[in-house]
Amino acid sequence: MKCLFRYGVWAVVLGLACHKNTPPSQPILYGSGSGWPRDSLRFWAVSVDADGDSLSYMFDWADGTGMVWSGWFAAGSECRVVHLFSDTGVYAVTVKAKDRTDESTASDTFSVRVAEIGPDTPRKPKGKDTVAVSDSFGYTTSASHLLMKPVALRFNWGDSVDEWSEFLPPGELYQRRHRFPRGGTFAVRAQAKDSREHLSDWSKAETVVVEDTFRTIATGPGP
């Protein structure tokens, strides 16, 4: 009986010694590729483990902030985190995974551009190119934003500049109506801004000819 017991104990010890832990796989890292300073940027990391062990993750933000291991996640489950970069720059972010024994290699670098990025220049306004004095006519434009931030828009009609619109989703069409009190040729442009008061350049101009029909009749050819 003693021999059997000893044999069993040594078999367990030998089995444990022969079982070598497999480190987690190199994590896959993705998330927000750009943002403003102090934006809440979201990132995801995932790794798998051949032994089915739970995994913890550590992100290197490349901005001087401390690196700490996360809580434990089931292998193959996403680890989701939020990070704020306090200054502008391009940051080479990486992440590692570990099980209870071993660490993975670092992930491929994920570049994050942090800058005071403003809206893109709006599209050239679109509408009628010939109108009559005091006619009400509409022009449309839109503006995108690299960070998908809401944008406000306004028109410069050549004789006056509008107040800003409310903030709209980037890329959404904005229309505004206008009346010219006098005849002439006017250049209509549009401009965009975001919530941090970043201003775009003025758009390309659309030329509109305003005809003073009363003056044309009054000064027409005589008998």
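The values are calculated or read from the model by the stated rules, or taken from the named source; none is laboratory data. The structure displayed is predicted, hence computed values, not measured ones. Because the Cβ atoms are built from the backbone with ideal geometry, glycine has one as well, and the counts that use them run over all protein chains shown.
Some notes on this structure:
- Residue in region 189-199 that is farther than 30 Å from T88 by Cα and at pLDDT 95 or above present: yes
- Hey, K98 over 30 Å from M148 (Cβ atoms) and modelled with pLDDT of 95 or more or not: yes
- A single entry from W202, W157 fulfils the requirement of being modelled with pLDDT of 95 or more, of a type in the set (A, V, I, L, M, F, W, C) and closer than 30 Å to V114 by Cα: W202.
- Candidates D108, D135 - the one that is over 30 Å from R179 (Cβ atoms) and either assigned to a strand (DSSP E or B) or in contact (Cβ under 8 Å) with a residue 40 or more places away in the chain (or both): D108
- Selected residue (criterion: surrounded by the most Cβ atoms within 10 Å (Cβ to Cβ)) from residues of region 185-212 that are part of a loop (DSSP other than H, G, I, E, B) and among the basic types (K, R): K204
- Total residues in region 158-184, condition of a type outside the set (A, V, I, L, M, F, W, C) and either within 10 Å of S142 (Cβ to Cβ) or assigned to a strand (DSSP E or B) (or both): 10
- Of the residues making up region 96-119, those that are over 15 Å from G33 (Cα atoms) and crowded, with 18+ Cβ neighbours inside 10 Å are K96, A97, K98, D99, S104, S107, G118, P119.
- Candidate set: region 43-72, residues that are in a loop (DSSP other than H, G, I, E, B) and of a type in the set (V, I, T); chosen: the one farthest from N21 (Cα to Cα): T65
- Subset of region 73-87 (residues that are surrounded by fewer than 16 Cβ atoms within 10 Å (Cβ to Cβ) and either modelled with pLDDT under 95 or part of a loop (DSSP other than H, G, I, E, B) (or both)): A74, G76, S77, E78, L84, S86, D87
- So A143, is it among the small types (G, A, S), under 30 Å from S40 (Cβ atoms), touching a Leu at 6+ places or on another chain (Cβ under 7 Å) and part of a strand (DSSP E or B): no
- Whenever a residue of region 162-184 is at positive phi and in contact (Cβ under 8 Å) with a residue 24 or more places away in the chain, its partners that are assigned to a loop (DSSP other than H, G, I, E, B) and surrounded by 13 or more Cβ atoms within 10 Å (Cβ to Cβ), lying with C-beta atoms within less than 7 angstrom and at least six residues away or across chains, give the pairs G171/S142; G171/S144.
- Residues of region 148-167 that turn out to be more than 13 Å from V188 (Cα to Cα) and either surrounded by fewer than 19 Cβ atoms within 10 Å (Cβ to Cβ) or in the same structural domain as P37 (by TED's automatic domain parsing) (or both), as a count: 7
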